[in-house]
1. Among the residues of segment B:162-184, are any charged (D, E, K, R) and within 16 Å of ligand 2 (Cβ to nearest atom)?
2. Within segment A:107-121, how many residues turn out to be part of a loop (DSSP other than H, G, I, E, B) and within 12 Å of the chain's Cα centre (by Cα)?
3. Hey, among B:LEU406, B:LEU400, B:LEU367, B:LEU432, which residue is surrounded by fewer than 21 Cβ atoms within 10 Å (Cβ to Cβ) and among the aliphatic types (A, V, I, L, M)?
4. Using beta carbons and a limit of 6 Å, which pairs, at least six apart or on different chains, have the first residue in segment B:328-350 and within 17 Å of B:VAL417 (Cα to Cα) and the second one open to solvent by 30 Å² or more (accessible area, probe 1.4 Å) and of a type outside the set (S, T, N, Q)?
5. Quick one: how many residues across segment B:113-143 are over 25 Å from B:LEU24 (Cβ atoms) and more than 16 Å from ligand 3 (Cβ to nearest atom)?
6. Scan segment B:198-242 for residues that are within 16 Å of ligand 2 (Cβ to nearest atom), over 23 Å from B:ILE412 (Cβ atoms) and either open to solvent by less than 10 Å² (accessible area, probe 1.4 Å) or not assigned by TED's automatic domain parsing to the domain that holds B:ALA178 (or both) and jot them down.
7. Give the number of residues within segment B:419-429 that are surrounded by fewer than 24 Cβ atoms within 10 Å (Cβ to Cβ) and either of a type in the set (Lys, Arg) or closer than 21 Å to B:PRO350 by Cα (or both).
8. Residue check: is B:SER458 closer than 30 Å to B:GLU150 by Cβ and surrounded by 19 or more Cβ atoms within 10 Å (Cβ to Cβ)?
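The values are calculated or read from the model by the stated rules, or taken from the named source; none is laboratory data. Everything quoted here is computed from the prediction, not taken from an experiment. So basically every Cβ, Gly included, is an ideal-geometry build from the backbone, and we count neighbours across all protein chains shown. In case anyone asks, the SASA skips ligands and DNA or RNA and just uses the protein heavy atoms, side chains included. Shrake-Rupley method; radii C 1.70, N 1.55, O 1.52, S 1.80 Å.
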Amino acid sequence: MNTICYLCSKPLKSRLTWKQLIMYEQQAVICSTCDSKFELVKPEEQKSPDIQALFHYNEAMKDFLHQYKFFKDIVLKDVFRSEIAKALKNADAVIVPIPMHPEKIKTRTFAHIDELLKAVGIPYTHLLEKITIESQSSKSKMEREQSAQLFQLKPNSIIENRPHILIDDIVTTGTTLKHAKAILIAAGAPSVKAFTLIQG
Amino acid sequence: MRKRLFKQRTKTYRYIGNLENPSLRDFLAGRIWLREHSPFSEELITQHIQLGYIATLPGVKKISKMNSRFKRMNYICNRCANNNPNLFVTYYCAACEQTCVYCRHCISMGRVSSCSDLIKWVGPTPRKAANHLFSWTGTFTPYQQKASKELIESINANRAHLIHAVCGAGKTEILFPAIYECLKEGKRIAVATPRTDVVLELAPRIQQVFPKTKTQALYGGADVEKNYAPIIIATTHQLYRFEDAFDTIIVDEADAFPYTHDETLQQAVTKAKKSDVPIMYVTATPSEKLIYQIKKLQGGYSFIPRRYHGHPLPVPRYESLWRYTKQIESTRLPKKLVQWTKKQLQENKPFLIFFPTIALMEKAIPLFHQLEPNIQAVHAEDPNRKEKVLELRAKKVRGLLTTTILERGITIPNVQVAVVGAESGIFTSSALIQIGGRVGRSFDCPTGDLVFFHHGISVEMDRATKEIKRLNNTELTTI
Ligand SMILES: [Zn+2]
Ligand SMILES: [Zn+2]
Ligand SMILES: [Zn+2]
């Protein structure tokens, strides 16, 4: 079992809390000091009624995302599992991760959004696939809005007559989610909402 | 010969023959580098592997330990030598489509995984530059002179050495002649220290003294230069990326955090140097363990009890600051601290105020801003730390609040120093001696205020004061 904080390496005081016992919550993998540096997005701060974002993109979150995605520190998938579980466990919907290009998955060695869901044990379905390999964040806002389709429907996908929830790590302009949503709606999804870890 | 002619005639082939790429050679010599993070093309590296000039080894080595009942996997990182099972992660790797393992301990230098290669240069050695210029015009005190001579003697005799010099004795200068002697013999030298701040302070000074010699400063976030540098000034952390590289290695401030707490850093120093050369140490506050080690190795020892300007070390004064945590937490700066700060502001003297924790310091910042908006705070994770220290020196900032991160390596003329919560565990006697060492360093301002604000006097505070007094009273032997 892990005994040090994944973010600052300080020893973790491992104690089983009542909350963990009663709520079946997972044991924390980061210390309370590191935990306190993340800022939750309040309901009135959400940018769109269709997108639920968990955290603000503050310094601590920038560092977290950098270490997770660019240092490829896959264990960090577990850091927010309680929060993600709370937000998605009872959603009666088809969970659809925003896909990565297969080439990109190979260079990163893992699909970082899928891993967030796997860490919580939430079943998901890949209904979309990425067409372009270039990254969204390297483009200006205008370029992003003008850019051609990013995704297409995966061949032989079956769209259920249930609400769909798209999952992404960070929402900035919302273009990515807009593209993905348009495809799912066109394919017959009755409603499409989104959940992201971070609001940029 | 025939081969060469053939290649020349068919111009579609680019002849590479057995000649190594000089830039790649100069960069990689002595280093152990993550292949996928190399500043050279993959094609060039493959060519050199085929030529037998580059060797590869897996990033993580598996050691399966069998004992009577359990079969447990253990790993060791081939870059940082970490073998703590808590710092290895087993995961399904999409690149290999199988289970791979990576090391978390050195991940900030680029992830080393069981499926990533580390590369080493095993080809022809770089040509050594012959003309080194030693342009130092300073003069030594008799103590510095003696220590400098003793260090060179130890290097020549291939034995370990410890220079124990009080803060402000001018220990960096002592290294200059020794470095020059090594350069003349074509040796490669590393000056390593646990602290980035010390690297930043040392590197420009050493480069200035050896203007014709390539010098590289290596620390987290530094640019990677693609050349061969006979002088490397690096954090001990950066030495993970060297192997069998140095003919002489000097560890400055060996007692600083995290060197003494992290065994892999000590191994990094050992791995980075050539196996048969000893380690040279320089510090103001050697641990008993280090002194014992040097004795056991029958190494050389130089002791400098006086500052270069001949004035005594500032002796701390104690001021009680009862319940300072509670006061600051309820947004009130303790009165004595306010008076002290106001005094420095009125007299226009730069000041440092040390805090035991970042949390307490952050609560205090807005309270200090009510006294003077131009006060800044620094801590280990502050990316603008370097700039802020320079601004204090240039008097663009009036004072800095800091954690122990600035206890060493920095020199600010006429700086006044206060420690808030000097009784806190983080302020060990050596930390307090180092902090006190910031005061009165310059020739023009050899004195200054050093105050320990406390909520009760600790053993470590007394130990520091006793040691400072002992050093000040040390008989000056004639040299
Ligand atoms: Zn932590
Ligand atoms: Zn490592
Ligand atoms: Zn792999």
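1. There is no residue in segment B:162-184 that is charged (D, E, K, R) and within 16 Å of ligand 2 (Cβ to nearest atom).
2. Our first condition is that a residue be part of a loop (DSSP other than H, G, I, E, B); within segment A:107-121, this holds for A:109-111, A:121.
Then keep just the ones that are within 12 Å of the chain's Cα centre (by Cα); that gives A:111.
Counting residues in segment A:107-121 that are part of a loop (DSSP other than H, G, I, E, B) and within 12 Å of the chain's Cα centre (by Cα) gives 1.
3. On the way: B:LEU406 fails: surrounded by fewer than 21 Cβ atoms within 10 Å (Cβ to Cβ); B:LEU400 fails: surrounded by fewer than 21 Cβ atoms within 10 Å (Cβ to Cβ); B:LEU432 fails: surrounded by fewer than 21 Cβ atoms within 10 Å (Cβ to Cβ).
Going through B:LEU406, B:LEU400, B:LEU367, B:LEU432 in turn, just one is surrounded by fewer than 21 Cβ atoms within 10 Å (Cβ to Cβ) and among the aliphatic types (A, V, I, L, M): B:LEU367.
4. B:LYS336/B:GLU319; B:THR341/B:LEU371; B:LEU345/B:GLU372
5. Taking segment B:113-143 first, the residues over 25 Å from B:LEU24 (Cβ atoms) are B:114, B:133-143.
Going one step further and asking which of them are more than 16 Å from ligand 3 (Cβ to nearest atom), we end up with B:133-143.
Adding up the residues that qualify gives 11.
6. If we filter segment B:198-242 for residues that are within 16 Å of ligand 2 (Cβ to nearest atom), which is where we start, we get B:220, B:235-242.
Keeping just the survivors that are over 23 Å from B:ILE412 (Cβ atoms) gives B:220, B:236-242.
Result: B:THR236, B:LEU239, B:TYR240, B:PHE242.
7. 1
8. Criteria not met by B:SER458.
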